[in-house]
Amino acid sequence: MPILDDKVLGEVKKALQNMQKPVTLKLFTQAFECGYCKETHQLLEELISTNTLLKLEVHQFESDTQAVETFGIDKIPAIAVIGEQDYGIRFYGIPAGYEFSSLLSAILMVSTGLVKITDDGKRFLAGLTKPVHLQVFVTPTCPYCPQAVILAHQMAYVSEMVKADMVEISEFPHLAQKYSVQGVPRTTINEKWYQEGAAPEAMIIAKIKESL
């Protein structure tokens, strides 16, 4: 049974019609002990049918150790959104519900190069000399979460020093405990700093400065 019905597929085709350059979705999965791996694979198969510039590559988490190491994957299902290079844009857990829009936004950004980061934000990110890891904890039913995810992914696109993950928290409850996630969205910055809610760019940059 399809995940995306004909109406949604039509909307996705329209949303992605402005793609300019090819985008590869690298899915890391396995057959057993992965709650949403099968559904994530099916979702991506349906998604790539909407645009010829989209390609899907499937990697087995347990056996494809080289790819796992190269792309820094530590949990599954995982999706790396790759364009002309790897921008450090990751989805951990199925990008369903409201987070499907985050995946479409990441695809368009990587394909077109269009971001909404301010000039001041770009200058700050370009000047980073230490790595920054952003983890945005979400649930599929959270309408405010995509805003936080998209901002983090844009920062990763702009700066090679930034890696940004969407983490669907119900699939990784041990991380909810580790990072004391009580509500979503919650952006964790370099493990020990965090920002609650769908914060604007300036607040996230301030937290990044604090973490460094």
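Summary of computed values
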read-out	value
Test item: Cα-centred dipole of the chain, Lys/Arg +1 and Asp/Glu -1 on Cβ, debye	580 debye
Exposure proxy ranking, count of Cβ atoms within 10 Å, fewest first, for Ser63, Ser111	Ser63, Ser111
Difference of contour (0.36 nm per residue) and Cα-Cα distance, Lys38 to Trp193	52.5 nm
Cβ-based charge dipole, the chain, positive-most Cα from Leu128, Leu25, Tyr194	Leu128
Cleavage-rule hits (trypsin sites (Lys or Arg not before Pro)) in the stretch 91-171: DSSP loop, at most 13 neighbouring Cβ within 10 angstrom	Lys116
Gln30 versus Ile3: modelled label distance in nm, points set 7 Å from Cα along the beta carbon direction	2.0 nm
Relative contact order for the chain, counting Cα pairs under 8 Å that sit 6 or more residues apart, in percent	18 percent
C-alpha center-to-center spacing [the stretch 1-62, the stretch 76-96] in angstrom	11 Å
Positive-end residue, the stretch 119-211 charge dipole about Cα centroid, Cβ charges, pick of Val138, Val167, Met155	Met155
Additional length obtainable on full extension of the chain from Met203 to Asp74, 0.36 nm per residue less Cα span	43.6 nm
Beta bridges by DSSP in the stretch 119-211, antiparallel share as percent, to the nearest 5	55 percent
Stretchable slack from Glu45 to Asp120, in nm (0.36 nm times residue separation minus alpha-carbon distance)	23.2 nm
Backbone N under 18 Å from the Asn18 label point (7 Å along Cα→Cβ), restricted to the stretch 94-127	101-118
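Each value in this text was obtained by applying a stated rule to the coordinates, not by laboratory testing. Owing to the predicted nature of the structure, the values given are computational and were not obtained by experimental measurement. Please note: Cβ atoms are built from the backbone with ideal geometry, for glycine as well, and neighbour counts cover all protein chains shown.
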